[in-house]
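The values are calculated or read from the model by the stated rules, or taken from the named source; none is laboratory data. It should be emphasised that the depicted structure is a prediction, and the values quoted were computed from it without experimental measurement. We place every Cβ from the backbone using ideal geometry, glycine too, and count neighbours over all the protein chains shown.
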Amino acid sequence: MAGRINDDDIKAVRDAVPIDAVVSEYLQLRNAGGGNLKGLCPFHDEKSPSFQVSPGKGLFHCFGCQEGGDTIAFVMKIDHLTFSEAVERLAGTAGITLRYEEGGYNPSHQRGERIRLVEAHKVAAQYYAEQLENSPEAAAGRTFLAERGFDQAAALHFGVGYSPQGWDHLTRFLRGKGFSDKELTLSGLSQEGRRGPIDRFRGRLMWPIRDISGDVVGFGARKLHESDNGPKYLNTPETAIYKKSQVLYGIDLAKKEIVRTSTAVVVEGYTDVMACHLAGVTTAIATCGTAFGGDHIKILRRLLMDHATAEVIFTFDGDAAGQKAALRAFEDDQKFAAETSIAITPGGMDPCDLRLAEGDAAVEALVGSRTPLFEFAMRQIVQRHNLENPAGQAGALDEAAPVVAKIKNPAIQHGSAVQLAGMIGILDTQFVVKRVAQLARWARDRGGRGPAPGDTRRRGPQPPQQATAPAPAGGPALHLRSPAHRTERELLKLALQHPELVSPAFDAYGMDEFTAAPYAAVRQTVADAGGTEQGLSDGPGYLARVREAAPNDTVRALVTELAVEAIHARTVDEIYAGVQLVQVRLRAVDRRVLEIQGTLTRLGQHADPERFSAVQNELWVLQQYAQSLRTHGAAAL
């Protein structure tokens, strides 16, 4: 059984791997102000970015779904790893050798399952690549690539390899590297034979399929020999690390350019991706033996950030199958905020054939000649009808108008409605414009969330509410519109993000000075972690201690949220911090003054004189303190 990873090594991993560098492997991040970055959350669907990363604090938090934590927590969540597996993966990235409290140094049997499967694929990819380069048997693979315009340098760039024709060449090689038969079967690299595991891929050209972080998680294998009775293309089966609907071939190479240009080009095959990249279209990606679908869209949306200027370009053959694929892609158009376009390859050639026949410039020209996908869909529908008679025109309008009504941009929608009228031959363009507008309005009414039955005109979905920790029994509700709660929230954010501005005064504040029970719990957690004084010299370590001191996941999530959320001030300095300190303290004093005044009223004139005098004296002291706070501000604390 794996030993516990040394605490100092865990801290070293957290400090060595910047959280923004890790998160950027999965989504595009942009400046959110206050030193924070923002992007579309990878853990839930959203149209506007509510996912924030604080590089200085090493934390992330989504204000939509409330997921949050440090770098390790992010890797655990997004790659479905255990804590140890996430630490091991990050340690490998940082070049840190981990120590275990039991069992010595990181032996192979202590590695998590996912880590082992990824390592097996990495070793297999290297083995296949060496076979393609050096093995006489792989001549057929080298010829296949050369005939399509790919030299050895191209094969190396994309990691293309060759799997020998024997039954168990790779299996025996991986066994020699310390992998068990169970691991080889779970990875999909081997399959059960009559006498044990045998190679799944034999005598084929191999393309390593990498996830967005660059790890090899599967392979696409192309048949080369006539004696092979299998399918033309054979992919890795579904495994713990490979889900074909959730990977895009080439995404590891294309992601930076997709982010930079806000453009993605979707092609149909591995060689098409290679051809596009070598021709200068370095945003090209492809699905892996499956149709382009919802999970692929999520990957691209996180990179494109749903900007209106972003664009997704689909390339399809001009034949019937390609047109059908293009129309199917249009069905998913509304899941993008980006504009979608289509580039039809001439003469039924795919990008690989086009590059071979006409050169790199032709591939770039193909992408440049794209047409908006809705326009292509509209033309395909209209062409199916006989426009020589009124019945055919009416049928074309009935089928095409809903397509135009789906267009997101109102100006483009109006112009396309006019264009549709011209395609069909309807002289009364306003009739078509009104028809499209009516369909669009009906679609919006049906698509709105939240209206009560029969009330389709109520307001649309509301923005996500801030999550709060559940209050203990009898505790006050947390209403963020309350000035007191807003101030308490600001003070806690300062205590977590800028402890130097509120220490040591903050550490003298009691839990009862925070009227919202969740905030009181955070205040206690800071105290349990040693107070803000601990944050003066070690920011990231201080936040880690506070999060570890949280009594439960709910409080821990609120700590993370407050540590990442922007502070509502243009200038965050001692003056602003002092105002928050004073307001929280002053409200606490005023509450106590009201309590004492109530006590005096209850005591009445017949109360014990000594008791009455003591209460009066406490009231006077508090009133003087409150006046001093109002007059002198933070200097009176």
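Checked against (1) buried (at least 21 other Cβ atoms within 10 Å of the Cβ); (2) over 25 Å from Ile241 (Cα atoms), Leu117 passes all but a single condition, namely (2).
Return the residue satisfying two criteria in turn: it lies in the range 164-209 and is hydroxyl-bearing (Ser, Thr, Tyr) and either out of contact with any Asp or Glu (no Cβ under 7 Å at 6 or more places or on another chain) or touching a residue at least 40 places away in the same chain (Cβ under 8 Å) (or both), and of such residues it is surrounded by the fewest Cβ atoms within 10 Å (Cβ to Cβ). Walk me through how you get there before you give the answer.
Applying the first criterion (hydroxyl-bearing (Ser, Thr, Tyr)) to the range 164-209 yields 171, 180, 185, 187, 190.
Right, trim to either out of contact with any Asp or Glu (no Cβ under 7 Å at 6 or more places or on another chain) or touching a residue at least 40 places away in the same chain (Cβ under 8 Å) (or both) and you get 180, 187.
Details: Ser180: 15, Ser187: 27.
Ranking the qualifying residues of the range 164-209, first place goes to Ser180.
Only residues that are assigned to a loop (DSSP other than H, G, I, E, B) and either among the aliphatic types (A, V, I, L, M) or under 30 Å from Ala310 (Cβ atoms) (or both): list them for the range 381-432, please. Within the range 381-432, Leu387, Lys406, Ile407, Lys408, Asn409, Ile426, Leu427 qualify. Only one of these conditions is not met by Val593: (1) free of Cβ contacts under 8 Å to residues at least 12 places away in the same chain; (2) touching a helix residue (DSSP H, G or I) at 6+ places or on another chain (Cβ under 8 Å). Which number is it? Here Val593 meets the rest and fails (1).
Filtering the range 85-98 to residues that are modelled with pLDDT under 85 and touching a strand residue (DSSP E or B) at 6+ places or on another chain (Cβ under 6 Å) leaves only Leu98. Taking the numbered list (1) β-branched (Val, Ile, Thr); (2) under 34 Å from the mean Cα position of the chain (by Cα); (3) farther than 30 Å from Ala279 by Cα in turn, Thr171 passes all entries but (2).
If only residues of the range 223-255 that are under 23 Å from Phe150 (Cα atoms) and basic (Lys, Arg) are counted, the one that is modelled with the lowest pLDDT is Lys255.
Just to confirm my filter: which helices (runs of 4 or more DSSP H) fall fully inside the range 537-633 and include at least 3 residues that are over 30 Å from Glu500 (Cβ atoms) and more than 44 Å from the chain's Cα centre (by Cα)? Give the steps one after another, and end with the answer.
Details: elements: 539-549, 553-564, 574-603, 609-632.
Fully inside the range 537-633 and qualifying: 574-603, 609-632.
Residues in the range 193-216 that are within 19 Å of the chain's Cα centre (by Cα) and closer than 14 Å to Lys244 by Cα: Arg210, Asp211, Ile212. Taking into account only those residues within the range 229-262 that are among the small types (Gly, Ala, Ser) and farther than 22 Å from Ala21 by Cα, which is surrounded by the fewest Cβ atoms within 10 Å (Cβ to Cβ)? Step by step, filter the range 229-262, then rank; the result is Gly230. Among the residues of the range 371-387, what is the count of those that are surrounded by fewer than 19 Cβ atoms within 10 Å (Cβ to Cβ) and at pLDDT 85 or above? Matching residues across the range 371-387 total 7.
Among (1) charged (D, E, K, R); (2) in the same structural domain as Phe158 (by TED's automatic domain parsing); (3) without any contact (Cβ under 8 Å) to a residue 40 or more places away in the chain, where does Arg260 come up short? For Arg260, the failing item is (2). The set of residues in the range 183-242 that are under 20 Å from Leu81 (Cβ atoms) and part of a strand (DSSP E or B) comprises Ile209, Arg210, Val216, Val217, Gly218. Of all residues assigned to the range 101-108, at least one qualifies as being in a loop (DSSP other than H, G, I, E, B) and surrounded by 15 or more Cβ atoms within 10 Å (Cβ to Cβ). Across the range 484-503, the qualifying residues are those that are modelled with pLDDT under 90 and in contact with a helix residue (DSSP H, G or I) (Cβ under 8 Å, 6 or more places away or on another chain), and the one among them that is surrounded by the most Cβ atoms within 10 Å (Cβ to Cβ) is His485. There is no residue in the range 620-635 that is closer than 22 Å to Ala516 by Cα, out of contact with any helix residue (DSSP H, G or I) (no Cβ under 6 Å at 6 or more places or on another chain) and not charged (D, E, K, R).
Of the listed requirements (1) modelled with pLDDT of 90 or more; (2) closer than 30 Å to Gly280 by Cβ; (3) surrounded by 13 or more Cβ atoms within 10 Å (Cβ to Cβ), Leu420 misses just one: (2). Mind checking whether some residue in the range 283-299 is touching a strand residue (DSSP E or B) at 6+ places or on another chain (Cβ under 9 Å), over 23 Å from Gly218 (Cβ atoms) and either at pLDDT 90 or above or not polar (S, T, N, Q) (or both)? The answer is no; no qualifying residue exists.
The numbered conditions (1) in contact with a strand residue (DSSP E or B) (Cβ under 7 Å, 6 or more places away or on another chain); (2) closer than 24 Å to Gly92 by Cβ are all true for Ile212 except (1).
Being part of a loop (DSSP other than H, G, I, E, B), crowded, with 18+ Cβ neighbours inside 10 Å and aliphatic (A, V, I, L, M) holds for only one residue in Val273, Val265, Val281, and it is Val281.
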